[in-house]
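Asker: One structure is given below, represented as structure tokens, and several questions about it will come after.
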Amino acid sequence: MRRGAAPILLVLYLFAAAAGTMALKVATDRIPRARVPGSSIIYLPSGKYLKVATFGYNLLAADLIYLWSIQYYSNYEIKDRFAYLERIFTIISELDPRYTDPYEVGALIAVAEAQDPELALKILDMGLAKNPEQWVFPFEAGHIAQMTLKDFERAQRYYEKCLAIPGAPVFVSRLRANAMFKRGDLQTAWQTWLEIYDTATDDEVRKVASNHLYQVKAAIDSGDLAEAVKAFQTRYDRLPASLEDLLRTGIRSALPKDLDGQDYVYDPATGAVKAPTIPWKR
Amino acid sequence: MPDAIRITNLRKSFKLGFIPRRKEILKGISFTVSEGEIFGYLGPNGAGKTTTIKTVLGLIFPDAGTVEISGRSHLSPRAREELGFLPENPYFYDYLTAHEFLAFYADLFGLARKVRDGRIASLLKLVGLAPSAHLQLRKFSRGMLQRVGLAQALINDPRVVILDEPLGGMDPLGRKEIRDIIVRFKEEGKTVLFTSHILQDIELICDRVAMIVDGRIVSQGKLLDLVSERVLFTEVTVAGLEAEALAGLGECLSAQGGRVLLRVFSEENVERVLRAADERGGRVVSLIPRTETLEDIFVEKVRQT
Amino acid sequence: MKVGAIALNTFKEAKRDRILYLLFFFAAGAIIFARILAMLTVGDRLKIVKDVGLAAISIFGILMAILMGTGLVYKEIDKKTIYTLLAKPIHRAQFLLGKFLGLVLTLFIMTGLMGLIFLGIVFAHSLRFEGRLLIAVLFIFLELILITAVAILFSSFSTPILSSIFSLSFALIGHLSWGLETLIKKLPSPAARAAARGLYAILPDLENFNFRTEVVYGLPIPPAIYLHATAYGLVYTAFILGLAVLVFRRRDFI
């Protein structure tokens, strides 16, 4: 072998080895293998001693697990990725109870992707327990209770908790009143909206309150009138021809008017009572 | 005037090995070094020379016995201020230059800067390293390290200088230079204790010696007293004669190229060899009497133990 | 000042150590990487930057203290540079103290530089100079001082590998001991509780120097704790150095 050939052959050999290694890596990656993605994190012990295991780097550990979880839950190919949702976010909470982002994002994932609003509320409850000064947790919980669960009583309670925390935005009181209304507690809703109307500092808020008051009164009145119609039907075995029939027969002594002083609309065919105006179009 | 160094009944054992077994290194060493003399401390490898030296310097703590430097305990700071030490195979901070290194040690003695710089310059000149003052020690050869080690031993202008194998690894010219420096110390009134197993060097400059074999002092005293003038044998080289002609007169060491080399053990036999050469027409080329050297004593003592 | 001369010499030696710059490079890299990592988060990015940055300074600072401290005394003994040094009129305690101070000076500069880079990255992110972060960095430095003393203690009688393991164990135990406090309440017998309480008092509590949570979340720090934590650190350090002197005093240098 000539002396000059040795280094050239060595270089060629190195190129061949490098190319071979890269090709093999690509080929190996293609072979499907059973994987439990993120399994190591799933098997982390939970409990208050987890924090001890991080040797003073609990903040960093919480950050890293949170960042990992964002990637994990963005990966739609993992079919059962929600199985450990509660566990992962509990772990993050134990490591760094004050880290607010994971509670919010965890609840978001729970309600929007895992279709598990109860878990979302659980996560937000955990957040509030560890951070009583954060109004955003009961705020978002109220939303979820109202929009997804349609549990207006729970939503109302959450809004009340939120209002008790200093710094909570003012409009939460309106959310609370609305929840009361949706719940059917019309009297308290009326009182609450009246209070908001009286304490409103700008016209916009006053208008909104007034619309809600209209709506509550309409609900109260139409409920009352519906009851009167039913009483008439029980007595005379037919629907009244108009609301004046209720006056003539003495079932009601006076007919209520809506907040603007208008009469309520009665449909003699069905017996339904409606408000003359849509509240938002006033 | 108290002795410069007085060592009394020094004992030291070490526990060596994984299953510690006691090995006694110093078995009761006693000797003194008088003020102003050059003292040679010799012995075979592993006899305990370096252990003794390190004990004197407080690097090793003896199991029993005492060491005094000019009458004071060897561990007292005053004693240390008068000492200078050069270890065997010295190794120093290799990232420092010679000047920085000596300056660091000078600072440990609290020398003022002006005094310090002046002394460093003169010491480097003394050991022949003046041109390398600002060279990093990592670039020094073995001989150069030995020299800078000698310089650091003198940085405090000590009264007593202790050198462990100062001549090891030096070429013959270097050895002569170091020997001359040591003799100069004596002329300046310093006391020098040094160990060596190059016996010629000890013979050339020491006033007194002590010999340690297997942890014990087997011989000590003035060099002149130990080495007698007695002739051991005479080596005679004769030309022009056959070896058989001189048979029986001495040990034939070689018979080549017409020359016979004989080791003759008695005065009479030397006379007989000379007469034989004269009678048979031979020629005496050389006649070298050999007296007892330190090496002879040394080898004898080691063999005895 | 003899201790000062040794300290300065140690500093010169330390700043030549490549490990120092390697670790510093990684620390700076980690701090800068924090900015990139923060982009992956949903929510507060600055928090990620702060957490990763402070953790990097802490982790790499501890590695620096251990890796350099464990070699400090051992190298002198192994390379025999210690012979001529100890033959001079200095106490062995002065030698140890000088080595310690030299390394502390080195770590001070390194921590300071890492802290500056960290503040720079935070500033680049939030356009605000968050001076409070320096409190966390300062107490990380105090922790490093204590760990350096421990590393030197082990270095005075053990090989660098073993010393590193022991020193690292010290650091880890120091961050676990607060867990002992919770455990004490659960122990059944009063004797066991008393023993555990005694152990808790002796073992190092390095969480005393951990102000990262307060600084990152802007929580108030009671002023009394500054003094107490500093005093705890310095007194424990003095104790460890005393142990080192005890071990080193009568050691034979064969």
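The values are calculated or read from the model by the stated rules, or taken from the named source; none is laboratory data. Note that the structure is predicted; figures quoted are calculated from it, not measured. All Cβ positions, even for glycine, are placed from backbone atoms using ideal geometry, and neighbour counts span all protein chains on display.
Asker: Surrounded by 21 or more Cβ atoms within 10 Å (Cβ to Cβ) and not assigned by TED's automatic domain parsing to the domain that holds B:Val56: does that describe B:Val192?
Answerer: The answer is no for B:Val192.
Asker: Let me ask something additional. For the range B:199-213, state whether one or more residues are over 27 Å from B:Thr305 (Cα atoms), crowded, with 20+ Cβ neighbours inside 10 Å and either charged (D, E, K, R) or away from chain C (no Cβ under 14 Å) (or both).
Answerer: no
Matching residues to (1) surrounded by fewer than 24 Cβ atoms within 10 Å (Cβ to Cβ); (2) away from chain A (no Cβ under 12 Å); (3) among the small types (Gly, Ala, Ser); (4) in contact with a strand residue (DSSP E or B) (Cβ under 7 Å, 6 or more places away or on another chain):
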residue: C:Ala27; (1), (2), (3), (4): no, yes, yes, no
residue: C:Thr41; (1), (2), (3), (4): yes, no, no, no
residue: C:Ser58; (1), (2), (3), (4): no, no, yes, no
residue: C:Tyr74; (1), (2), (3), (4): yes, yes, no, no
residue: C:Pro89; (1), (2), (3), (4): yes, yes, no, no
residue: C:Ile117; (1), (2), (3), (4): yes, yes, no, no
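Asker: I would also like to ask the following. Does A:Ala155 meet the test of being of a type outside the set (Phe, Trp, Tyr), outside the structural domain of A:Ile123 (by TED's automatic domain parsing) and over 24 Å from A:Ala112 (Cα atoms)?
Answerer: Spelling it out, it is not the case that A:Ala155 is of a type outside the set (Phe, Trp, Tyr), outside the structural domain of A:Ile123 (by TED's automatic domain parsing) and over 24 Å from A:Ala112 (Cα atoms).
Asker: Scan the range C:4-25 residue by residue and report those that are of a type in the set (A, V, I, L, M, F, W, C) and within 10 Å of another protein chain (Cβ to nearest Cβ).
Answerer: C:Ala5, C:Ile6, C:Leu8
Asker: If you don't mind, another one. Is it the case that the range B:171-180 has a residue that's within 30 Å of B:Gly28 (Cβ to Cβ) and crowded, with 19+ Cβ neighbours inside 10 Å?
Answerer: no
Asker: Now for a separate question. Considering C:Leu54, C:Leu37, which residue is out of contact with any Gly (no Cβ under 7 Å at 6 or more places or on another chain), crowded, with 19+ Cβ neighbours inside 10 Å and at the interface with another protein chain (Cβ under 10 Å from one of its Cβ atoms)?
Answerer: Every option except C:Leu54 fails the conditions.
Asker: How many of the residues in the range C:162-179 are within 20 Å of C:Ile19 (Cα to Cα) and touching a residue at least 24 places away in the same chain (Cβ under 8 Å)?
Answerer: Result for the range C:162-179: 5.
Asker: Under 22 Å from C:Leu176 (Cβ atoms), in a loop (DSSP other than H, G, I, E, B) and either more than 8 Å from chain C (Cβ to nearest Cβ) or at pLDDT 90 or above (or both), is that true of A:Gly56?
Answerer: No, not satisfied.
Asker: Which is closer than 21 Å to B:Pro166 by Cβ, among the small types (Gly, Ala, Ser), more than 14 Å from chain C (Cβ to nearest Cβ) and not in a helix (DSSP H, G or I), of B:Gly46, B:Gly36, B:Gly84, B:Gly28?
Answerer: After ruling out the rest, the residue left standing is B:Gly36.
Results for (1) within 25 Å of C:Met1 (Cβ to Cβ); (2) not polar (S, T, N, Q), shown as yes or no for each residue.
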site: B:Ser70; (1), (2): no, no
site: B:Ala79; (1), (2): yes, yes
site: B:Pro90; (1), (2): no, yes
site: B:Leu96; (1), (2): yes, yes
site: B:Tyr105; (1), (2): yes, yes
site: B:Ala112; (1), (2): yes, yes
site: B:Val115; (1), (2): yes, yes
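Asker: Residue check: is A:Ala231 without any contact (Cβ under 8 Å) to a residue 24 or more places away in the chain and assigned to a helix (DSSP H, G or I)?
Answerer: When the stated conditions are applied, A:Ala231 passes them.
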